[in-house]
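Report on one structure; see the data block that follows.
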Amino acid sequence: MRTKIAAGNWKMNGLTESLAEIDALLPQISDGQTKAIICPPATLISSLAAKASGQPLSIGGQDCHAAASGAHTGDVSAAMLKDAGADCVILGHSERRADHGETDADVAAKTLAAWDNGLVAIVCVGETEAQRDAGITLQVIRDQLAGSLPDGATPANTIIAYEPVWAIGTGRTPTLDQIAEVHDDMNATLDTRFDAGFSLLYGGSVKPGNAAEIFAVSNVDGALVGGASLKASDFGAIWSALNAA
Ligand code: PEP
């Protein structure tokens, strides 16, 4: 059975006072078959990891550099994330692909760096609205999976997040049939090249109000949640909907 995962991406949000959200979240989640992950900004990883220690909550980064160390001002290496207490790292988020020009090859190199340092890679793929309108969604996703995942990806070292770019932070979501179409295709694509069993997360305007119906879609094993992960009550409700699915 694939692991069910609710992962929160705080993006560039969160100060020390946000630790209170973790205090509020911990009583809402439990150990078992549904994992909870919070990916705060790098500045908060070590303090969140201290709070999560011994608790059923993993902490992740939002990006890492492909290199082990060196002259890369402002960047963070996978080893630094691990050292700060992260277990995983989001890679290839569409905001990094758009804002920093990250290519599939960059994402693949970062994925290797994550694995080398014992981090699980949460690799994001997703089509733009223009690509969906052009009817090339499935091909875009297949190409991103082919280019972003190095050989050696396994369900233990990699989680896949399907995040339609036009659904992120917009309040718009694909229809359930559209989500199923992409997730079924990703599952078949991954099964062809790798072992079966990758956890496939949907991301894009997941909220407490739509989580249960999304989690009932075939081949959806959880969610990558942006805005709604900032409030413990919302993220806790999404985790509960997944745990009940
Ligand atoms: C995200 O940033 O990965 C995301 C899915 O954001 P939101 O839930 O706010 O759409």
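Tally time: how many residues in segment 191-207 are in a loop (DSSP other than H, G, I, E, B), buried (at least 21 other Cβ atoms within 10 Å of the Cβ) and within 14 Å of the ligand (Cβ to nearest atom)?
3
Given the conditions (1) under 18 Å from Leu224 (Cβ atoms); (2) surrounded by 15 or more Cβ atoms within 10 Å (Cβ to Cβ); (3) among the polar types (S, T, N, Q), which single one is not true for Asn13?
Evaluating Asn13 over (1) under 18 Å from Leu224 (Cβ atoms); (2) surrounded by 15 or more Cβ atoms within 10 Å (Cβ to Cβ); (3) among the polar types (S, T, N, Q) leaves (2) as the failure.
Within segment 158-189, restricting attention to residues that are aliphatic (A, V, I, L, M) and touching a helix residue (DSSP H, G or I) at 6+ places or on another chain (Cβ under 7 Å), which residue is nearest to Val220 (Cα to Cα)?
Ile179
Show me the helices (runs of 4 or more DSSP H) found entirely inside segment 1-94 where at least 1 residues are touching a Phe, Trp or Tyr at 6+ places or on another chain (Cβ under 7 Å).
The qualifying helices (runs of 4 or more DSSP H) are 19-25.
Pick from segment 220-232 the residues that are buried (at least 20 other Cβ atoms within 10 Å of the Cβ) and in contact with a helix residue (DSSP H, G or I) (Cβ under 8 Å, 6 or more places away or on another chain): which of them is farthest from Pro40 (Cα to Cα)?
Val220
Mind checking whether some residue in segment 23-45 is surrounded by fewer than 20 Cβ atoms within 10 Å (Cβ to Cβ) and closer than 19 Å to Ala121 by Cβ?
Yes; the residues of segment 23-45 include at least one that is surrounded by fewer than 20 Cβ atoms within 10 Å (Cβ to Cβ) and closer than 19 Å to Ala121 by Cβ.
Is it true that Phe235 is farther than 22 Å from Asp23 by Cα and surrounded by 18 or more Cβ atoms within 10 Å (Cβ to Cβ)?
No, not satisfied.
Could you tell me whether Ile29 is within 16 Å of the ligand (Cβ to nearest atom) and touching a Ser or Thr at 6+ places or on another chain (Cβ under 9 Å)?
no
How many of the residues making up segment 133-171 are among the charged types (D, E, K, R) and without any contact (Cβ under 8 Å) to a residue 40 or more places away in the chain?
The number of residues fulfilling the criteria is 3.
Can you find a residue that is part of a loop (DSSP other than H, G, I, E, B), within 15 Å of the ligand (Cβ to nearest atom) and within 25 Å of Trp239 (Cα to Cα) anywhere in segment 116-129?
Yes: one or more hits.
State yes or no: is Ala188 free of Cβ contacts under 8 Å to residues at least 24 places away in the same chain, more than 16 Å from the ligand (Cβ to nearest atom), closer than 22 Å to Glu95 by Cβ and assigned to a helix (DSSP H, G or I)?
Against the criterion (free of Cβ contacts under 8 Å to residues at least 24 places away in the same chain, more than 16 Å from the ligand (Cβ to nearest atom), closer than 22 Å to Glu95 by Cβ and assigned to a helix (DSSP H, G or I)), Ala188 does not qualify.
State the number of residues belonging to segment 121-164 that are of a type in the set (A, V, I, L, M) and surrounded by 21 or more Cβ atoms within 10 Å (Cβ to Cβ).
So the answer is 11.
Looking at segment 148-185, which of its residues are out of contact with any Leu (no Cβ under 8 Å at 6 or more places or on another chain) and in a helix (DSSP H, G or I)?
Matches in segment 148-185: Val165, Trp166, Ala167, Leu176, Asp177, Gln178, Ile179, Ala180, Asp184.
Identify the single condition in (1) under 18 Å from Arg97 (Cβ atoms); (2) part of a helix (DSSP H, G or I); (3) among the hydrophobic types (A, V, I, L, M, F, W, C); (4) within 16 Å of the ligand (Cβ to nearest atom) that Leu145 does not satisfy, given that it satisfies every other one.
Unmet condition: (4).
Every number in this text was worked out from the coordinates using simple rules, so none of it is lab data. This one's a predicted model, so the numbers in the text were calculated from it and none came from an experiment. So basically every Cβ, Gly included, is an ideal-geometry build from the backbone, and we count neighbours across all protein chains shown.
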